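Presented below is the structure to which this report refers.
The values are calculated or read from the model by the stated rules, or taken from the named source; none is laboratory data. Note that this is a predicted model, so its numbers are computed, not measured. Positions of Cβ are generated from backbone atoms using ideal geometry, with glycine treated the same way; all protein chains shown enter the neighbour counts.
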Amino acid sequence: MHIDTDALNSSLEVLRKAPVDSDVGRALQRVVSSVDRLFGYDGAGIMLIDDSEALVYVAASDEVGRSLEEAQASAGQGPCYETYVEGRPVSTKDVRSDPRWPQLVDVLDERVRAVAGVPLLLGGSPVGTLNVYRSQPYGWDDSDFSALRAYAGLIGELMAAALTSREHSTTATQLQYALDYRVVIERAIGFLMATHRLDAVSAFDRLRKQARDSRRRVADLAAEILREGTS
């Protein structure tokens, strides 16, 4: 499907001119709803990282979109997880026949078929993902990803504004954590990849599991791994 560039730019301009919302969560919900309406996707959602390095749902256009976010959080895998860890767009024409995420299919709403995600950046590092889905198999094209990246850029502006205004919502707290600790976590993932010959997603999972088993924050464990690795 070709995305109308004029319609995209008009939608972005309307959202940028909207009155400033003191709650970043509500602002993100408006963006998600606009993505869904403008492009004719069956649903859209936003996930942000928390202090356990788990992606958690913060906004969705509909209940199925929300279930997609929650299913990936429950399974600990999926296109959105790969988008976040690798910091690049990830998509699937049909998640139900895609062998990359076998555990996801078991907990996924049957109405979700094609899924695409792009990273949300804050301070140059991924802090979450913008995700869309279709209820039938679909081949995502360059215009889809260009549009999603444009909306991801707007979301980045909203997130940065929330931190600048020192908002005290749960979402703003998540963003501040991600901004403060993402670099050290990325470096620890890179260290594990090199030391144990893992891919990025496997290294990320290993770091999270070790932190969970030791009841520590991922950021604290990441810092320790780097200290021990360079000593």
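When you scan region 151-231 for helices (runs of 4 or more DSSP H) that lie fully inside it, which ones turn up with 1 or more residues that are under 16 Å from the mean Cα position of the chain (by Cα) and over 30 Å from Arg37 (Cβ atoms)? Because the criterion is at least 1 residues that are under 16 Å from the mean Cα position of the chain (by Cα) and over 30 Å from Arg37 (Cβ atoms), the helices (runs of 4 or more DSSP H) in region 151-231 that meet it are 170-196, 200-213.
If you go through region 128-144 and keep only what is more than 19 Å from Gln77 (Cβ to Cβ) and either among the small types (Gly, Ala, Ser) or touching a helix residue (DSSP H, G or I) at 6+ places or on another chain (Cβ under 6 Å) (or both), you end up with Ser135, Gly139, Ser143. Filtering region 202-231 to residues that are more than 30 Å from Ala161 (Cα to Cα) and either in contact with a strand residue (DSSP E or B) (Cβ under 6 Å, 6 or more places away or on another chain) or hydrophobic (A, V, I, L, M, F, W, C) (or both) leaves Ala203, Leu207, Ala211, Ile225, Leu226. The set of residues in region 30-74 that are touching a Ser or Thr at 6+ places or on another chain (Cβ under 7 Å), charged (D, E, K, R) and either in a helix (DSSP H, G or I) or crowded, with 24+ Cβ neighbours inside 10 Å (or both) contains only Asp36. One residue stands out among those in region 155-208 that are more than 18 Å from Leu226 (Cα to Cα), surrounded by fewer than 16 Cβ atoms within 10 Å (Cβ to Cβ) and of a type in the set (Val, Ile, Thr): the one that is modelled with the highest pLDDT, which is Thr173.
When region 75-87 is filtered for residues that are without any contact (Cβ under 8 Å) to a residue 40 or more places away in the chain and not in a helix (DSSP H, G or I), the ones remaining, listed by number, are Gly78, Gly87. Looking at region 108-143 only, could you name the residues that are surrounded by fewer than 24 Cβ atoms within 10 Å (Cβ to Cβ) and aromatic (Phe, Trp, Tyr)? If the condition is that a residue be surrounded by fewer than 24 Cβ atoms within 10 Å (Cβ to Cβ) and aromatic (Phe, Trp, Tyr), then Tyr138, Trp140 are the ones that fit.
Of all residues in region 25-41, those that are over 17 Å from Glu157 (Cβ atoms) have Cβ atoms under 7 Å from Cβ atoms of residues that are modelled with pLDDT of 80 or more and surrounded by fewer than 22 Cβ atoms within 10 Å (Cβ to Cβ), 6 or more apart or on another chain, in Tyr41/Arg134. Taken across region 123-142, residues that are part of a helix (DSSP H, G or I) and not aliphatic (A, V, I, L, M) do occur, with at least one present.
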